[in-house]
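The values are calculated or read from the model by the stated rules, or taken from the named source; none is laboratory data. Keep in mind that what you see is a predicted model, and the values were worked out from it rather than measured. Every residue, glycine as well, gets a Cβ built from its backbone with ideal geometry; the counts of neighbours run over all protein chains shown. Please note that ligands, DNA and RNA were not included when accessible areas were found on the heavy atoms of the full protein model with its side chains. Shrake-Rupley method; radii C 1.70, N 1.55, O 1.52, S 1.80 Å.
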Amino acid sequence: MATGSGRTLGVGLLGCGVVGSEVARLLTAQHDELAARIGAPLELRGIGVRRPGRARDLDLDPGLFTTDAAALVRRDDVDLVVEVIGGIEPARSLILAALENGASVVTANKALLAEDGATLFEAAEKADRDLWFEAAVAGAIPIIRPLRESLAGDRVRRVLGIVNGTTNFVLDKMSTSGAGFAEALEEAQSLGFAEADPTADIEGFDAAAKAAILASLAFHTRVAVADVHREGIAEVSAADVVSAREMGCVVKLLAICEMHELADGPAVSARVHPAMIPAEHPLASVRGAYNAVFVESEAAGQLMFYGPGAGGAPTASAVLGDLVTAARNRLSDVRGAGESAHAELDVLAMGDTITRYHIAVDVDDRPGVLAAVATEFSRHEVSIQTVRQEGRGSDAQLVVVTHPARDAALAATVDALVHLDMVRAVTSVMRVEAESQPESRS
Ligand code: HSE
C-alpha cells in the first residue's frame, strides 16, 4: 500500500511471552492500518526469545525467532526495538546496544526503569533517539504520556495510584466477601489474577517500581525504586477491612507520590503501602484487578485515569501506541521528550513524610486508660482527630484516628502503645489517605 515516505521501518522485538506475542500478532494483523497511521510500514525483522522452538499460537515465519537478541538489536535494518523481556539483564544491555546502534526503543520494563532509568535516558539522549515506556505503568492506561506531555505545563502535587491488579483483586475480595488475606489470595490464584509466586505483587515490589517511575515524571526529579518506602498487603487482616468500613473507608494498596513544601524548600516522597481511603473517593470504586491513577495538579485539579493494568492485549495496546509515535518520529527525523529531571528535589525518608494513622487497641476498660493512651500521642506530638470506644469490659477497644504527623512520630506512638500495661493488643494500624491536605510542617 502507498504509505507516503516510501520507507519501511524495521522492528526488533525482544521477548515473546504474554505481551510480546500480542505485540507480534497486532503488528501483523494491523499492518496496513499501522502503516497508514505512521506513513510507512513496520516490518518485524526478528524476535529475540530464549526458546525459539516453543509452540506459539502465532502465524509468523519461524525464521524470525532468534536466540541472538544482541545481534538483532545491532542489525542495520532495525529502526525500532521493543523490549518486553522484563528484569534488569539482559534487558538493560540490549536496550543500551539498540540505542547505541541508532534504534529508538519502546519498553514495558518497570523494574529496569525504576532501578536504572537514568542510564537508559542518558543513552537515549546521547543517541538522539526515543525511549518510550507507556506500558511500564498500569498496562493500557495512558498515564506516562499525560504526565510527560499533557501536564508538562502544570505543577503536579500528588499522584495516588492503584497500580497493581493482583493486590487490588485480593483487597476487593476481602472487602466484599469478608475473606481473610490467605483465602482471598488463593481465590485470586485459582482465577488467574495472581501468579503462583505472588511475592512481587503482594509485597509491593511491582507497585514500588511503578511509584518510582510516576514520581520521577510527576516531579521532574530522579526517584529510584530504592527511594520508595514499600509495605505489602500480607499483614492486612479481615479486622482491618472491617475497621475501615466502620470509618466509611475501604482498604487499597496505594502508590503515593507527593510534593512537600517544607520550610527549607520543596521535597518529594514516594511510598507504597495499604491505606484506608474514604468510600466516596474515586479510587475506592476501582474494583477487582483494575488499576487507576489519580493525579492532583495545581491548574488542572483532580484527574483520574482508569482501566486494565495488566494482560497481553491491554499492555500491547500501550506498546503499540508508543511504537507508532516512535516510528512517526523516525520518519520525521525528530525525537520526543527526553527525561525531565531538572528539579532535582530531595526525596524524603518515610519517617519524615506526613501521614495519618488509624489505630485500634484492645484495652482494659477502667478509669485512666483513655488518658494514658492519649498521653502517648501527646508525648510524641501527635494530635488526635477522633477517638471512640467500641465494646465494654474485656471487649473494650479504643479506635483512634490521628491528624497528619511525621510518620516516624506515628510509628513511635504505636510502639509506645504496645508497651503500655493497660493495652492488651494493638489490633489494627493503618494509614488513612486521600484527602488533599496542604502541609503545615515547618
Ligand atoms: N502483576 C501486575 C499486577 C501487572 O498484578 O497488576 C504487571 O505489572
State to the nearest 20 debye the size of the charge dipole of segment 99-151 about its Cα centre, where the only charges are +1 on K and R beta carbons and -1 on D and E beta carbons.
200
Please name whichever of Ala337, Ala349, Met430 sits farthest to the positive end of the charge dipole of segment 289-442, dipole taken about the Cα centre and charges placed at Cβ: Lys and Arg +1, Asp and Glu -1.
Ala337
Net dipole in debye of segment 351-432 [+1 Lys, Arg Cβ; -1 Asp, Glu Cβ; about Cα centre; nearest 20]
180
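Nearest-5 percent of antiparallel DSSP beta bridges in the chain? Walk me through the numbers before you get to the answer.
Details: 52 of 76 bridges.
Of all bridge pairs located within the chain, approximately 70 percent are antiparallel.
Given only helices, namely DSSP H runs of n ≥ 4 each adding -39500 (n - 2.57), what is the per-residue ellipticity at 222 nm of the chain, to the nearest 500 deg cm²/dmol? Walk me through the intermediate numbers first.
Values: 13 runs with 148 residues, N = 442.
Computed ellipticity for the chain at 222 nm equals -10000 deg cm²/dmol.
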Positive dipole terminus of segment 144-309, leading residue within Gly192, Ser150, Ala209 (C-beta point charges):
Ser150
For segment 45-52, 3J(HN,Hα) per residue [Karplus equation, 6.51 cos²θ - 1.76 cosθ + 1.60, θ = phi - 60°, Hz, x = Gly/Pro]:
8, x, 10, x, 9, 7, 10, x
What residues qualify as long-range amide H neighbours of Arg230, i.e. H under 5 Å apart, gap of 5 or more or another chain, H built at 1.01 Å from N?
Val272
Quick check: pseudo-label points 7 Å beyond the Cα along Cα→Cβ at Val414 and Ala349, how many nm apart are they?
1.8
State the extension gain, in nm to one decimal, for the chain segment bounded by Glu435 and Arg392, taking 0.36 nm per residue of separation less the distance between their alpha-carbons.
12.3 nm
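Indicate the gyration tensor shape class of segment 40-91 (rounded, prolate or oblate), computed on the Cα atoms with a ≥ b ≥ c the square roots of the eigenvalues: a/c under 1.5 is rounded; otherwise a/b larger than b/c is prolate and the rest oblate. Working shown, then result.
Numbers: a/c = 1.62, a/b = 1.03, b/c = 1.58.
In terms of gyration-tensor shape, oblate.
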Taking N as the number of residues in segment 225-358, what is its alpha-carbon radius of gyration divided by 2.2 N^0.38 Å?
1.32
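In debye, nearest 20: dipole of the chain around its Cα centre with unit charges on the Cβ of K, R (+) and D, E (-)?
Values: 39 positive and 62 negative charges, 131 e Å.
Its charge dipole is roughly 620 debye.
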Probe 1.4 Å, heavy atoms of protein chains only: per residue, the accessible area of the chain in Å² is 42
Zero-based 10 Å bins, Cα pair distances in segment 336-416, whole percents
17, 39, 21, 10, 8, 4, 1
Quick calc: nm separation of the 7 Å Cα→Cβ label points for Asp364 and His403 -> 3.1
Using a Förster distance of 45 Å, the FRET efficiency for Ser332-Glu261 (Cβ separation, nearest 0.05):
0.65
Projected area of segment 171-253, taken from the Cα convex hull and averaged over every viewing direction, in nm²?
6.4
Given a 1.4 Å probe and every protein chain left where it sits, what share in percent of the accessible area of the chain is carbon and sulfur?
49
Give the calculated FRET efficiency between Glu149 and Asp68 to the nearest 0.05, with a Förster radius of 30 Å applied to their Cβ-Cβ distance.
0.25
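Report relative contact order for segment 206-273 in percent, whole number only (criteria: Cα-Cα under 8 Å, sequence separation at least 6).
Details: 92 pairs, mean separation 26.6, N = 68.
39 percent.
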Cα-based Rg / Dmax (Å) for the chain
24.3, 86
Rounded to the nearest 0.05, FRET efficiency between Glu195 and Asp32 (Cβ-Cβ, R0 35 Å) equals 0.45
Give the relative contact order (percent, whole number) for the chain; include only Cα pairs under 8 Å separated by 6+ residues.
16
When the chain is modelled as a GNM with alpha-carbon springs shorter than 10 Å, which of Gly180, Gly393, Gly117 fluctuates the most?
Gly393
Pseudo-spin-label distance Ala226 to Glu125, built 7 Å along Cα→Cβ, given in nm, is 1.9
